[in-house]
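A short write-up of the structure that comes next.
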Amino acid sequence: MPRCPSNNTLLPLLRKLSESLGEQQAKNELRWLIEHARKEIADGINIQQRILAQSTEHRLARLWREQPARSTDEIEREGDRLSSVQRTWLRQAVADRTERHKPLQYIIGEQKFGMANIIVRPPVLIPRWETEEWMLRLAELINTHTTNAREASATIPKPLNILEACTGSGCIALGLGCELADDSARILGVDVSADAMELAMDNLAFNQMLLSNQVQFHRADLQQAVHLLPTQLPVGEGGWDMLVSNPPYVTPSEYRELDADVREWEDIRALVPLPPGTADPQHVSEKDMDPSGMAFVEQLAKLAKELGLAGESQRDDKALHMGSLPRLVVEIGSTQQAQSACQIMHDHGFSATEVWKDMAGADRVVLGFFKQ
Amino acid sequence: MSVTRVTATRTLCNIRRPLLACALRSYVSASRGKASQHMPPGSELAGKSNLTPRIHERLQHLRTRYADLNARMSGDVSDLGREELAKVSKDFSDTGQIVIPYNRLLELYGELTELQQMIDESKDQSLRTLALEERQVALEDVAATERQIINGLLPKDQAESGGAILEIRAGTGGDEASLFSGELLRMYERHSQLRGWKFNTISSLEEGDRVKEATIEVSGRGVFGALMFESGVHRVQRVPATETQGRIHTSTVTVAVLPQATDVHIEVRESDLRIDVFRASGKGGQHVNTTDSAVRITHLPTGLAVENQQERSQLRNKEKAMQILRARLYDMERQKLDKERRDSRNRLIGTGDRSEKCRTYNFAQSRVTDHRINLSLYDLEGIMSGVSLQHIIDRLRIQHDLDELADMS
């Protein structure tokens, strides 16, 4: 196939990316795109199709193989080895990234989250590193408790029943399912969006071999009247022990200012708490929205209370010290929201709260406890 | 026909030369008299040996000990406790590692003595030739067995079997220095490829062919053991591409090789660290979709700072940065210990002192000189391609082992 030599060089692509992203970020992103092209685009089949076609063994082998990263000075040299299909994909990817502001993760189609490999696809929210950070910290906390309980009592404690609200891609449920000790938890992820449910099920299949705990997904609207909800959820043996969530918390005024790659690509329902029963999420007027961004957190606190989490644990094994495990864990977006979430939790019967910061030093997650 | 004759003559020459050397040597050692009473008989025929009389003395001790342990193990062991038995059997196998090759060495010395006698006394030319050939084989065996013994005697350094972190920095010489550090980087990359090691750039500051500095993770078996001697100042002498008047410049590049502190526990307190992430001033969380995930970790007590942005995951970048930080802290600790241990000695090969001039690459003469072992190779191209580097590393390793051995005895 005749190729125009000027089209071969990757430098124009780098320049194009640099204009909208800055030089350093452009270099990194182009490197990741090339890596992806080399690994996944070899025969022109995209990753999702490939996942469905792959045998389980093949998939697992790929998960465990860590390819060494290439250095930036190799970009040109590596470019020489790209096939024409890969080059076409790369040009399209850079155009999507710069002209349509498509997030890099949607282009690449995959994002690591703890041990899990999460497939990402528009418009479902892309997992954030802040969420990954607190999920890992929470998993460590739960694992310490489980280990202590297993050592203290002769009987193995029953698995914790963990409910995850607003699961989206399923990343938190699957992340916990991979990180938590073998059979120490049963996790149910719930979301209102059909797109999210479909993606979460794909991710469940994709990560099946890595899971050490049971994970399930279920579609439900958690913004209904809370007394109706418990009947709609498949309840595990012994009731619920913990509710975790990364609910929408962006305020309407913040939403207007968001970067295009977030605002134009990710589902507004995952970002901004909309009024219950919204039929058309794209056309909600701003005055109908909650200005504090805390509506969903409040709903979760109500739900937690309804599920009996803001009270003495019904579990019979005392060794697990449910009092020192959080019963409600909710991600938030600012110090103000953290304070507000603490207040909401106290109002709904939680006796103690804690706020965890993320790596960048911002308040990121609020935990509610019930201690005697 | 003529070709065959030439080959035959050459073979004869090859045999004759060591014979002469050997005769000379036995004369010398005989004239020395009984200066070395611990040298086993026949060892003087083995040529230049790295085993000094004091080492032989030590080996004799080990041999007696091995015999004792052997007697003990083959006797009644029922009175020994379980732990004691384990200790004795470990001792036995450890000593065996040295004594078994040493016994073989003594056998070889015996063979050499016999062969020498045959050569000296035999009138039959063909028998002599045969004996000479056989002696050549025996001498090779002696050298190999000696290496085995030396390896057994040397203390084992855990870090040497693991991976390493390679840091390359352009020193004096401006652009020319950073050009050369790029060339060194590629030399190590090719060498790593040849040896089947994983070569992973963690961070680099580069512009085209010029590399100001780079940090690389090299993983594989025995990486640090091989690369540890690369630490130091590498000098380049050539006419730089940027020079218009054809003058030869001298520039330097500093290389540091750190062992990877994977198995070793390095205590780093969370409170001693300051972590900076990209776009930390924004709101984070759902508000932004971070792809550029640079992380910088500063270790406050030492002021060491590590930055990483290689991976697409911020957490993995943090882990990597922590790994490098640990390696640096581990190295600091190691250097301190090493310095204490070795201060009293005068060694040829330093142990990674960054300020030490270790090697010169002279392009005009196509020569590479390693100053520590005074080795000059006229194979610049082969070395820069990463192939002949092995040769220098091997020589450094031998010298290093001998230094260690000399300190022990």
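Laboratory data are not the source of any read-out in this text; all were calculated from the coordinates shown. Remember, it's a predicted structure, so these values are computed and weren't measured experimentally. Cβ sites come from the backbone with ideal geometry, for glycine too, and all protein chains shown count toward neighbours.
Loop-only trypsin sites (Lys or Arg not before Pro) in segment B:198-242, please: DSSP not H, G, I, E or B, and at most 16 other Cβ atoms within 10 Å. Passing sites in segment B:198-242 are B:221.
Enter the mean number of other protein chain beta carbons within 10 Å of the beta carbon of each residue in B:79-86, as an integer.
On the way: counts 0, 0, 0, 0, 0, 0, 0, 0.
Counting Cβ atoms of other protein chains within 10 Å of each residue's Cβ and averaging gives 0.
About its Cα centre, segment A:93-152 has a charge dipole of approximately 200 debye under the convention of +1 per Lys or Arg Cβ and -1 per Asp or Glu Cβ, with nothing else charged.
Remark: spin-label model distance residue B:269-residue A:228 equals 5.6 nm, labels positioned 7 Å along the Cα→Cβ axis.
A Förster distance of 51 Å, applied to the separation of the beta-carbon atoms of residue A:314 and residue B:89, puts the FRET efficiency at 0.35.
Gain in length, residue B:77 to residue B:332, computed as 0.36 nm per residue apart minus the alpha-carbon separation, to one decimal in nm? Don't skip to the answer; put the middle values down first.
Values: separation 255, 0.36 × 255 = 91.80 nm, distance 4.62 nm.
Length gained between residue B:77 and residue B:332: 87.2 nm.
For segment A:282-372, trypsin sites (Lys or Arg not before Pro) meeting the loop criterion (DSSP other than H, G, I, E, B) and having at most 16 other Cβ atoms within 10 Å: A:315, A:371. Within 10 Å of the Cβ of each residue in A:123-129, the mean number of Cβ atoms contributed by other protein chains is 4.
What order, most packed first, do the peptides B:224-231, B:316-323, A:167-174 have when packing is the mean number of other Cβ atoms within 10 Å of each residue? Let's see the in-between values first.
Working: B:224-231: 22.9, B:316-323: 19.6, A:167-174: 30.4.
Most protected by this proxy first, the peptides run A:167-174, B:224-231, B:316-323.
What does the C-alpha gyration tensor say about the overall shape of segment A:129-369? Classify as rounded when a/c is under 1.5, otherwise prolate if a/b is larger than b/c, or oblate.
Working: a/c = 1.65, a/b = 1.47, b/c = 1.12.
Note, shape of segment A:129-369 comes out prolate.
Straight-line cross-link reach from residue B:318 at under 25 Å between alpha-carbon atoms covers these lysines, not counting any fewer than eight positions away in the same chain: A:27, A:39, A:112, A:357, B:198, B:212, B:283. Restricting segment B:65-166 to trypsin sites (Lys or Arg not before Pro) that sit in a DSSP loop and have at most 11 other Cβ atoms within 10 Å of their own Cβ leaves B:123, B:156.
Once the C-beta distance of residue A:19 and residue B:276 is scaled by a Förster radius of 30 Å, the resulting FRET efficiency is 0.70 to the nearest 0.05.
Any chance you could run the full-extension gain for residue B:239 through residue B:137? It's 0.36 nm times the residue separation minus the Cα-Cα distance, nm to one decimal.
Values: separation 102, 0.36 × 102 = 36.72 nm, distance 4.72 nm.
The span from residue B:239 to residue B:137 would gain 32.0 nm if fully extended.
Modelled this way, with points 7 Å down the Cα-to-C-beta line, the labels at residue B:130 and residue B:367 are 4.8 nm from one another.
Would you mind getting me the FRET efficiency between residue B:54 and residue B:249? Use the beta-carbon distance for r and R0 = 60 Å, nearest 0.05.
0.80
Around residue A:347, with a cut-off of 11 angstrom between Cβ atoms, what is the net charge of the other residues, counting Lys and Arg +1 and Asp and Glu -1? Please list the in-between numbers first.
Values: positive: A:302, A:305; negative: A:298.
Net local charge, residue A:347 excluded: +1.
Other residues lying with their Cβ under 14 Å from the Cβ of residue B:88 contribute a combined charge of -2, Lys and Arg counting +1, Asp and Glu -1.
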